[in-house]
Structures are given as structure tokens and as C-alpha cells.
Amino acid sequence: MICLFVAAAVSVSYLGEELLPKFKETDFLMHWVEKPGIGIDAMNRITIRASEEMMDVEGVRNFGAHIGRAEVADEVVGPNFTELWISIDEDVDYDATVAKVQEIVDGYPGLYRDLLTYLTERIKEVLSGASGAIVVRIYGPNLDELRTTAEEVSAAMSGVEGVTGLKVETQVLVPQIVVKIRKEAAMVFGLTPGDISSATSTLVNGTQVGEVFEDQKIYRVMIWGEDAIRSDLDSLQKLMIDTPSGAQVSLGDVAEISIEPAPYVITREGSSRKIDVLCNVEGRDLSSVAQDIEKAVKENVKFRQGYHPEFLGEYAEASAARQRILVLSIFSGIAIFLLLYADFQAFRPAVLIFLTLPFSMIGGIAGAFLCGGVISLGSLIGFVTVLGVAARNGIMMIDHYRHLEHNEGVSFGTDLILRGASERLAPILMTALTTGLALVPIILGGNIPGHEIEFPMAFVILGGLTTSTLLNLLVVPTFYYWLMKPRRI
């Protein structure tokens, strides 16, 4: 039995790990990201063409999309960002239909794209703020150095088996108008940098001065310069700014105006600039890929002083959850032992049940291998269920032995062990059979949409029930006889 337990403990190291199973939803959310600067017309053409190809796939029910964002949206994106919604029928071959959709998606090279179920995409956004299952977030002060380091990280990640949809967060330079105020010249006219910035912003970007309500709609009243002025550098030089004396001065007299390349967006976290390198996982379990990525980045990428990476996403959350579970399990184990000791008022019966509980997990580990070899949320629920059933049966078995010995006068020996085990045989088998039969339809139904959590849970519970039944009928009586046998003095 000890050898079997050691083998099971070693087998655990070969199990993969995922925070959540791959949900087989029929609604998908896809992102298409082109290079910044692309126009709405070009993105419209790509999106319309993709919609036509998608709707030709048998099983695709509907298709929708939006390009860019609303003015007060929750995401800072431009016209180069498109979000697509795809729904498929529930009665079609799920895997085959998704494969056809993925083939169409992959037929648009040159832009970043992903195809995720809606629930999966939302979970990833909440966990790391990005849509990748694994996110390497690089922090540092200089944007150029950040981009260079991000490319090195991307190169290191590309060699890891199972990485798909690898992407470096877009940091493209776009032409922007830069106004550098000449403070000495501004002071001559009594202008402050704030006065010049406010006037320039009003003429170039516009300023809201009021609102008009009509037909239950709100229309903003804006003041800004004409199109010809906003797009011409010479016209900007001639923009007239009011001075405190009532006179006017041209913007070119108090500031230097130029068009320079600048990042189209700068993202920060904790007052530090950052850039994300993200990817999804396919063909391998999440934990194995994440561990290989972390090893590859640390071995192949040298980070300068002031720059450092953080590994985020599903695996980081799973690791944090695993550490919390480990700490809580230690306290739970202590509490379980104290409760057993308080119930039996003896040390040896409490130790017997406490030490036999891990053996009940052997079948659960085998069940996890049979359903894919990956530990997810459903598998953890299954292990907890098996532990509870094994603890209950063990407590009832030992309590029955004590009842026979103290209340019915059966002397300690092999007769006591055999009688107690035979009398508890029917209750233990009925518990295992009724629970196991309830799980058979889930296993026979397969890993279908809606059963992503129940399917691995059923395998773990069924395997665990098998070993826990054998444990309580064979191991617990044997250990009880060995531990509780009166010692000769």
C-alpha cells in the first residue's frame, strides 16, 4: 500500500493544471487588431468580407461586429480595433464547426486575431486586463527599451511548444502635433503656458461649451477651429491667441510647432510604463506551457536595471489559488484531526482515519489521467467529494468496531474485524453504487457543452469511490487490527 501511495504521489507531478476548463460555448468573441492608422473604410471591407465567409459555414447562426469604440467606452482603442461576435447552432458538430471558423480567421494574415468563447474572454480580461491566457507584463521607464525587451521576450516565448496567438502589445508611433511653449516670449505678452495650452486645445481639439436637449437626446455644443486650420502646420502657426491686454498674438510667436512621431497610446500601471506580451495555449496544459515560458524568459532575456517582468493570466491566478489552498489545507487537516480526537477520545483511532484519507485519492488521480490528465476546477471539486465520502465511511467503520466491542461485548480479535467489516459492507457498497451510477450518464455523455466542469469531476469521483470503497473494506479493518491490538506488557 505504501508503494502504491508513493506511485500516486509521483503521478501527481505529471498532471497538468488549468484554472478553468475550456468552456464549449456556442457564442464566440474575436478581436481583430490592425496597425494603428488604418482607416474605418479598410476595416469595414475586411469585416464585411469575413462576415460573408463566416455566414457560409454550415452551423454559424449569426455574425456581428463593431469597429473602434464609443467616445466614453471602457476600452481605449482606435479604428484599427474590431470586435466580432459569432454564434453557432447547438445541434451541429461543435469541434468541426469551430475548426472551420478558425480556418477562416487564420486566412487573414498580417493582423492579430483570436477566437475565444465569450465567458473565457471575459475571465481573462478580469484576471489580467488582457485577452491572453498567459501574459508577460514588462515594466520600465523608456518606451524604446520596453519595445526592444518585449520583442526579445516574444522571441523566447515563440520557441515554447503549445504557444499560439503570440502577440506583443502594439506600440506604434503616429504623427502628432507638438507645441513647445517659449516661456520668455509668452511672458512678454502676459501669457502663461496654461493660457496658450487652453487656447490651442480649443482650436485644435475643441471645447464643450454647452448642451442642447431635443427629442430625448443630448447634443453637445462644441467650439473648435476649421478643418483647414487643424490640418495645416502653417495655419497653426498663424492661430491668434487673446492676451490679457485685449490684443492678439499668433501662436507661432510664443511657441514652436512641429509634427513629430509619438506613441499613439501609453499604458501605465502603478505609475510605471508597461507593455504586454501575451499568448494563448493549445495542445498542452496551461501550467506546463506557463512554466516553460517563465523558464525561457529568465534564461534568454536579460533585463536592464529598472526593467522587470511579471507573469500574469490564468496560470498566475491558478498558482496563487494553489498556494492559498495549500495553506488552508494545513489548517483544515489540523482541525479534522482535532475533531476526530474529540469524537473518539483516543489518539490511535484518530490517527488511523487521518492517515488513511490520502489513500482514497489514488483512484481520483487515476480518474484525472483518464479524462485528460489536467487538474481543473471540476477535478478539485471531485477530490473534495471523495475525501468527504472516505472520511465518513472510515468514521462509521471505526465507530461500529467500538460499538461491537464496548456495547455488544465482542472481544477484540479477528472475529471482531470480520464481523464489523461484513456488517458495514452493504452500507459502504450502497453509498458507492448509488453515487457512481448517478455519475455514469455524465461520463457516457462526454465532454459536451455545459458539462465542462461536471465531466472531469465525474471521473475523479468515480475513481475515488472505487479506491475509497476498497480502502474502507480492506485497509481500514487491517490497520484497525494492527493499531488497536492490545500491547502485551
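Since every read-out is calculated from the coordinates, none of them should be taken as a lab result. Just so it is clear, the structure is predicted and the values come from calculations on it, not from any experiment. Methodologically, a virtual Cβ is constructed for each residue, glycine included, from the backbone with ideal geometry; neighbour enumeration extends over all protein chains shown.
Note on the chain: helix-only mean residue ellipticity at 222 nm, from DSSP H runs of 4+ residues weighted -39500 (n - 2.57) and normalised by residue number, equals -16500 deg cm²/dmol. The separation of segment 389-421 from segment 201-248, counted between C-alpha centres, amounts to 90 Å. When peptides 296-308, 189-201, 82-94, 469-481 are sorted by average Cβ neighbour count within 10 Å, with the highest value leading, the order is 469-481, 82-94, 189-201, 296-308.
Legend: ranking of residues Leu143, Leu437 from fewest to most surrounding C-beta atoms inside 10 Å; resulting order Leu437, Leu143.
Here's the list of lysines a cross-link from Lys238 could span, going by alpha-carbon distance under 28 Å and ignoring same-chain residues fewer than 8 apart: Lys180, Lys183. If R0 is taken as 25 Å, the Cβ-Cβ distance between Ile448 and Glu282 corresponds to a FRET efficiency of 0.80. Overall shape of segment 23-118 was characterised from the C-alpha gyration tensor. The equivalent ellipsoid obtained from it has semi-axes of 24, 14, 11 Å, in decreasing order.
The HN-Hα couplings worked out from phi for segment 357-366 by the Karplus form 6.51 cos²θ - 1.76 cosθ + 1.60 (θ = phi - 60°) are 4, x, 5, 5, 7, 4, x, x, 5, 4 Hz, whole numbers, x standing for Gly and Pro.
Fully extending the segment from Leu338 to Gln291, taken as 0.36 nm per residue of separation minus the present Cα-Cα distance, adds 13.2 nm.
For segment 327-484, the square roots of the Cα gyration tensor eigenvalues, ordered a ≥ b ≥ c, give a/c of at least 1.5 with a/b greater than b/c, which places it in the prolate category. Label-to-label distance, Thr148 versus Ala426, with points set 7 angstrom from Cα along the beta-carbon direction: 8.0 nm.
Helix 414-445 and the longest principal axis of the Cα set of the chain meet at an angle near 30°.
Summary of the geometry: segment 369-387 and segment 443-486, compared by the centres of their Cα atoms, lie 11 Å apart.
Take Glu269, project a point 7 Å from its Cα along the Cβ direction, then tell me which residues of segment 290-315 have their backbone nitrogen under 14 Å from it. Under 14 Å, as judged by backbone N against the label point of Glu269, lie 308-315 of segment 290-315. Computed 3J(HN,Hα) for segment 371-388, one whole-Hz value per residue from the Karplus formula 6.51 cos²θ - 1.76 cosθ + 1.60 where θ = phi - 60°, is 9, x, x, 10, 8, 10, 4, x, 5, 5, 4, x, 5, 5, 5, 4, 4, x, glycine and proline marked x. Here the alpha carbons of the chain define both size measures, Rg and Dmax, at 33.2, 114 Å.
Highest mean packing comes first when the peptides 207-214, 452-459, 403-410, 151-158 are listed by Cβ atoms within 10 Å, giving 452-459, 151-158, 403-410, 207-214.
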